[in-house]
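*Asks:* Pasting in a structure now, in structure tokens, and then I'll have a few things to ask.
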Amino acid sequence: MSRPLRTSGRLASLALAWAVASVAAAEETAQKRSVEYTPTGWLERMDQALTTRNYDGTFSHWQGGRVEMLRIIHRVQDGTVSERLASLDGSGREFIRTGASLTCYLPDRRTVLVEQRPPEESLVSFPTVNDQTASFYDIREVGHMRLNRRDTHVIAVSPKDEYRYGYRLWVDESTAMPLKSQLVDPHGQVIEQIVFASLTLTSRIPDSAFRPEISTEGFQWLRNDVTPHPPAGASAFAWSVTSLPPGFRMSVRSAQILPGSGPVDHLVFTDGFASVSVFVERQPAPSGPPPVPESATVGSSSAFSTVVDGHKITAVGEVPPATVRFIAGQLKAQGAAAAGR
Amino acid sequence: MRCCSRSWWRPLAGAAVAAGVATVSILWLRTQAPLPGAPLVTQVTTPGQATLPTPAASGQGDSYVVPRPKPAAAVVPSTELANYVVAHSMFSNPVARRNLLSAFMTSESPAAGTEELQSDVKAIAH
């Protein structure tokens with residue numbers, strides 16, 4: 001073979017290799033972009049932004065005809081998450097979380113609750129959207145609009161049944177932070193809304209930003225002990241559910257001690273988006289009239305309590321009241337618990 | 001014969017006196033009866049049941065307060081509910097957690113308060 005021919009053959013091989021590499025890179029880029037820009041991808045990015053970025057923002061919280069301003073400061077530094085949520089008007093309550101410690105300042109009760117979790121539970125995993133989740137929600141991008149002079153993608157998460165609530169989220173295009181969110185009931189009615197009035201993403205937030213503004217002089221401090229493993233009184237009990245709403249599964253089972261409470265079994269059920277906690281606590285023998293099942297709401301979240309086999313069962317979650325009632329009603333004692341009662 | 005003719009009127013006189021007494025008694029009782037249209041009040045008191053004074057008796061208006069039933073014991077006192085909400089928030093997705101804690105921050109302070117706290121919690125002076 002002549003020398004020019006060999007040279008041109010090498011050039012052709014190089015060109016082919018470059019073309020293949022380019023196509024592969026283009027495909028990879030396209031694939032990555034398609035993952036990022038699917039509605040589910042936006043939700044994943046949003047969750048990541050909320051939990052890993054440093055930010056300081058002020059937002060309005062609307063629920064039940066009431067509007068209140070709150071401030072949130074979030075920092076991740078050296079693997080430790082610090083967060084402060086403060087009511088700027090109204091109750092003046094504050095939550096400050098530093099790693100495994102969560103402190104709730106309740107000036108209206110002149111009380112401070114301190115919940116200390118074991119270090120291994122400090123980075124609690126939260127529900128993540130997956131394919132199974134998508135079968136119980138219709139997740140789609142319903143618009144692309146300007147909000148507060150920022151480009152946002154509007155993602156609608158609509159439940160396919162009445163066991164869960166839906167969301168509408170205005171996700172910032174460049175930072176993936178949710179600048180506005182609405183919680184909607186199964187009929188599409190907005191029941192809770194959060195809108196950021198200001199939001200600053202910064203690389204550094206000083207420690208002083210995580211100190212409470214209120215004076216706690218004369219307050220009552222309530223703490224839980226660091227949870228022994230397993231806490232006495234709770235480990236002997238085995239609780240299970242006979243049935244769950246479609247899509248829900250148990251994701252966490254732990255034993256812990258809450259401030260002002262005895263040992264409790266804590267079971268968490270999630271469908272990948274919504275979650276429900278069930279707390280089981282031994283109920284002391286009633287001295288007065290027997291307790292009756294009761295419902296309560298905290299904002300748009302629901303709670304339901306009842307007594308089963310001498311144990312207090314409380315279900316709490318960001319789901320409709322019927323869902324917590326259903327799950328609490330399905331809890332049954334097994335094994336030692338059943339034998340011991 | 002004479003004695004018989006003299007005693008024949010005695011039963012008649014006795015009957016007349018009895019009839020007179022009965023008539024007077026009836027008339028007297030009728031004057032003591034309530035006026036037509038006035039309510040007949042029968043007080044029957046059962047254990048645990050409050051009796052309501054009649055407006056005429058108490059001199060008050062036509063209103064009363066229904067006795068409040070004795071409240072059933074709450075399964076979860078408000079402080080425990082707060083604990084549960086906070087504990088649950090650790091396992092919620094980030095958006096739901098923010099909603100939940102924000103709602104808790106802005107919720108009205110429950111009526112139950114200090115006594116309940118002191119009765120069932122371990123307080124540590126700080």
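*Asks:* Which numbered condition trips up A:N224, out of (1) in contact with a Leu (Cβ under 6 Å, 6 or more places away or on another chain); (2) touching a residue at least 40 places away in the same chain (Cβ under 8 Å); (3) under 25 Å from A:E68 (Cβ atoms)?
*Replies:* (3)
*Asks:* Test A:D172 against the criterion of being buried (at least 20 other Cβ atoms within 10 Å of the Cβ) and more than 17 Å from the chain's Cα centre (by Cα), and give yes or no.
*Replies:* So A:D172 fits the description; yes.
*Asks:* I'd like to check something: does region A:231-238 contain any residue that is modelled with pLDDT of 85 or more and not in a loop (DSSP other than H, G, I, E, B)?
*Replies:* No - not one qualifying residue is present in region A:231-238.
*Asks:* Same structure, new question: Every residue in region A:268-288 that is closer than 17 Å to B:E80 by Cβ, more than 9 Å from chain B (Cβ to nearest Cβ) and either at pLDDT 90 or above or surrounded by 15 or more Cβ atoms within 10 Å (Cβ to Cβ) (or both), please.
*Replies:* A:V278, A:V280, A:R282
*Asks:* Specify the residue that is farthest from the other protein chains (Cβ to nearest Cβ); the eligible residues are those in region A:290-315 that are farther than 21 Å from A:A238 by Cβ and under 17 Å from the mean Cα position of the chain (by Cα).
*Replies:* The selected residue is A:S302.
*Asks:* With the requirement that a residue be buried (at least 21 other Cβ atoms within 10 Å of the Cβ) and free of Cβ contacts under 8 Å to residues at least 24 places away in the same chain, what does region A:299-330 give you?
*Replies:* Those that are buried (at least 21 other Cβ atoms within 10 Å of the Cβ) and free of Cβ contacts under 8 Å to residues at least 24 places away in the same chain: A:S301, A:S302, A:A303, A:S305.
*Asks:* Considering each residue of region A:189-209, count those that are part of a strand (DSSP E or B) and of a type outside the set (A, V, I, L, M, F, W, C), and give that number.
*Replies:* Selection size over region A:189-209: 4.
*Asks:* Which of (1) closer than 22 Å to B:A82 by Cα; (2) surrounded by 14 or more Cβ atoms within 10 Å (Cβ to Cβ); (3) modelled with pLDDT of 90 or more is the odd one out, the single condition A:R211 does not satisfy?
*Replies:* The number of the failed condition is (2).
*Asks:* Ok, one more. Taking into account only those residues within region A:39-64 that are in a strand (DSSP E or B) and among the aromatic types (F, W, Y), which is farthest from B:T106 (Cα to Cα)?
*Replies:* Looking at residues that are in a strand (DSSP E or B) and among the aromatic types (F, W, Y), I get A:Y55.
*Asks:* Limited to region A:87-110, what total is found for residues that are touching a strand residue (DSSP E or B) at 6+ places or on another chain (Cβ under 7 Å) and either facing chain B (nearest Cβ under 7 Å) or not in a strand (DSSP E or B) (or both)?
*Replies:* 11
*Asks:* Taking A:F248 as the residue in question, decide whether it is of a type in the set (F, W, Y), at pLDDT 85 or above and not assigned by TED's automatic domain parsing to the domain that holds A:D185.
*Replies:* yes
The values are calculated or read from the model by the stated rules, or taken from the named source; none is laboratory data. The model shown is predicted, which means the values in this text are computed figures rather than measured ones. All Cβ positions, glycine included, derive from the backbone under ideal geometry; neighbour counts span all protein chains shown.
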